[in-house]
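Notes follow the structure.
Read the figures in this text as sums done on the coordinates, not as results from a lab. Just so it is clear, the model here is predicted, and its values are computed rather than measured. Every residue, glycine among them, receives a Cβ derived from its backbone with ideal geometry; neighbour counts consider all protein chains shown.
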Amino acid sequence: MKRILTTALLLVMFVASYAQFEKGKKYVGAYTTGLGLSYSSGDKLRFSLGAEGGYFIADNFMVKANAGYEHTRHADDFSFGLGGRYYFQQNGIFLGAGGEYVHHDPSNNDVLIPVEVGYAFFLNRYVTIQPALYYKMSINDFSDGSTVGLKIGLGFYF
């Protein structure tokens, strides 16, 4: 009996998660890197907040836009970006990539190429917690401008 219930529960979870990644669905989310969860050689400590929204143009493939704020010891940065995510339908794991424009100050701006891998953990049919590992490669200053970190997000699929 225990095996039948476990199998039924896994089947329900699979069907529920797949339904959220269908063509035509929309996504809205917010994320933070938190204190000490992002690192670059230029600044040891970073804290960022961001918002993103997306639209599934095909099953399991979402295009998205994001805007963010990042605080370092030396400056406050604002970023805007476009990208995409591919969701593996069986388990909620996603891969993402895109491009970001970062405004540091009037004389110092940058373009980043972010890559991420994460997991969409559904709390209910619509709300998710999304931990993700990311790497943002800087075009202007590869060694000091590139960052690696962990972000935690809260997403809403509708």
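Using θ = phi - 60° and the Karplus form 6.51 cos²θ - 1.76 cosθ + 1.60, what ³J(HN,Hα) does each residue of the range 108-118 get, whole Hz, x for Gly and Pro?
9, 10, 8, 10, 10, 10, x, 10, 9, 9, x
Under 5 Å between amide hydrogens, which residues at least 5 positions from Asn140 or on another chain qualify, with H placed 1.01 Å from N in the peptide plane?
Residues meeting the criterion, in which the H sits 1.01 Å from N, are Val111.
Starting at the first residue of the range 120-131, write each ³J(HN,Hα) from the Karplus equation 6.51 cos²θ - 1.76 cosθ + 1.60 with θ = phi - 60°, in whole Hz, x for Gly and Pro.
Along the range 120-131, the couplings run 9, 9, 7, 7, 8, 5, 10, 9, 10, 9, 10, x Hz.
Using the Karplus curve 6.51 cos²θ - 1.76 cosθ + 1.60 with θ = phi - 60°, what ³J(HN,Hα) values do you get for each residue of the range 92-106, in whole Hz, with x for Gly and Pro?
x, 6, 10, 10, x, 7, x, x, 9, 9, 10, 9, 8, 7, x
If I model a spin label as a point 7 Å beyond the Cα along the Cα-Cβ vector, how far apart are those points for Tyr126 and Tyr69 in nm?
2.6
Between Phe47 and Asn140, what is the label-point separation in nm under the 7 Å Cα-to-beta-carbon projection?
Placing both labels 7 Å beyond Cα along the Cβ direction yields 2.4 nm.
Order of 102-109, 77-84, 21-28 by packing, highest average Cβ count within 10 Å first? Please list the in-between numbers first.
On the way: 102-109: 12.2, 77-84: 16.5, 21-28: 14.9.
Ranking, from highest mean packing down: 77-84, 21-28, 102-109.
Set the Förster radius R0 to 25 Å, insert the Cβ-Cβ distance between Ile57 and Tyr119 as r into 1/(1 + (r/R0)^6), and round the FRET efficiency to 0.05. Each step should come with its number before you reach the end.
Working: r = 22 Å, r/R0 = 0.86.
Plugging the Cβ-Cβ distance into 1/(1 + (r/R0)^6) gives 0.70.
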